[in-house]
Amino acid sequence: MGLKAIGLGVVLALLPVAATAQLRASDGVAALEVGDALRAREIWTSLAGRGDVLAQYNLGVLDLESDPQEARHWFEAAAAQGYLPAQRALADLAVEAGDWADARRWFRVVALAGDAQAQLALGILLDQGLGGVANRRGAALWYARAAAQGVPDAAFALGALRAEEGDAEAAVEAFELAAAGGHVAATHNLALALARGDGIAQDPERARALYAQAAQAGHAPAMHNLALMQARGQGGAQSFRFALAWALNAAALAEPGAEDLVAALREVMSDPAISEATQLVTYCLEEGAHCH
């Protein structure tokens, strides 16, 4: 969920503008597509000098690799006219440079325009105190806005923040939303809450199924917790074979406590059962739905 993962994501733009400018911008894109960067630059420079925001942005994209300072100049020109992609590009460039104060400034501009990824990024900056004073209340606000737009990472971040604050009910609600969007760590945290009854009614059967879902996705803590439930017969039938298979998978990922669980299971299992469980290790990763 880190800011680096957000990426620059800048692309050449071609938006409805004045007919003449649109034609010239289109010519610039066409020239670039056939490898004539000089012609594209000629077209866009002429337009950019007259304040054409699209040409300014496209020049910024063109200069990103060869001349970052020039790229920033053109992005700033377009951003000053309120062009959202240029403002987002400046935010991403600030992240690349480690200029958190500038990143916070530009992400706020883009976030206020409704961009969900910028809202998540701003939440992270506020949460971690990057580029200014930490503001967890503000972070929660931006996480919630991004989560409402269907960003699972934002819902997970909100759940983690609420959990740290001790608001188990709000944390579970956020983890539910993130898990529904396929967030693996949120799926594990939701299972943990269901197993313990933290902020939600206990439901061992659902918790076990969610652990299995996260475990098959490669989440080591879920593998370990699923193995524990299987070994104890919680939320379903007891199965030392499946428990050992998942414990071995968790141990292979260096999950704390997994090696101890492997040793404990081996002490109470027969050699043939241990051999069978060992053969199930790969199968459970590939067919996790049948190993819980």
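Filter segment 228-239 for residues that are under 19 Å from P272 (Cα atoms) and touching a helix residue (DSSP H, G or I) at 6+ places or on another chain (Cβ under 6 Å); which is surrounded by the most Cβ atoms within 10 Å (Cβ to Cβ)? Before the answer, list the steps.
The initial filter retains those residues of segment 228-239 that are under 19 Å from P272 (Cα atoms), namely 230-231, 238-239.
Filter again for touching a helix residue (DSSP H, G or I) at 6+ places or on another chain (Cβ under 6 Å), leaving 230-231, 239.
Numbers: Q230: 28, A231: 20, S239: 19.
Checking each candidate, the answer is Q230.
Cβ-Cβ below 9 Å, separation at least six or inter-chain, first residue in segment 84-101 and more than 24 Å from V53 (Cα to Cα) and assigned to a helix (DSSP H, G or I), second modelled with pLDDT under 95 and hydrophobic (A, V, I, L, M, F, W, C): which pairs?
The qualifying pairs are W100/L3.
Within segment 28-54, can you find the residues that are part of a helix (DSSP H, G or I) and over 21 Å from Y83 (Cα atoms)?
Let us first name the residues in segment 28-54 that are part of a helix (DSSP H, G or I), namely 28-33, 37-49, 53-54.
Of everything in segment 28-54, those that are part of a helix (DSSP H, G or I) and over 21 Å from Y83 (Cα atoms) turn out to be A30, A31, L32, E33, A37, L38, R39, E42.
Within segment 128-185, can you find the residues that are among the charged types (D, E, K, R) and farther than 29 Å from A215 by Cβ? Show your work before the answer.
Taking segment 128-185 first, the residues among the charged types (D, E, K, R) are 136-137, 145, 153, 162, 164-165, 167, 169, 173, 176.
Result: R136, R137, R145.
Return yes when R105 is out of contact with any Leu (no Cβ under 8 Å at 6 or more places or on another chain), over 29 Å from Q56 (Cβ atoms), surrounded by fewer than 21 Cβ atoms within 10 Å (Cβ to Cβ) and of a type in the set (D, E, K, R) and no when it is not. Let's see the steps before the verdict.
Working: out of contact with any Leu (no Cβ under 8 Å at 6 or more places or on another chain): yes; over 29 Å from Q56 (Cβ atoms): no; surrounded by fewer than 21 Cβ atoms within 10 Å (Cβ to Cβ): yes; of a type in the set (D, E, K, R): yes.
In short, no.
Looking for something closer than 18 Å to F156 by Cα, modelled with pLDDT under 95 and not in a helix (DSSP H, G or I) - is there at least one such residue anywhere in segment 183-199?
Yes, segment 183-199 contains at least one residue that is closer than 18 Å to F156 by Cα, modelled with pLDDT under 95 and not in a helix (DSSP H, G or I).
The values are calculated or read from the model by the stated rules, or taken from the named source; none is laboratory data. All values reported here derive from a predicted model rather than from experimental measurement. Glycine also receives a Cβ, built like all others from the backbone with ideal geometry; neighbour counts cover every protein chain displayed.
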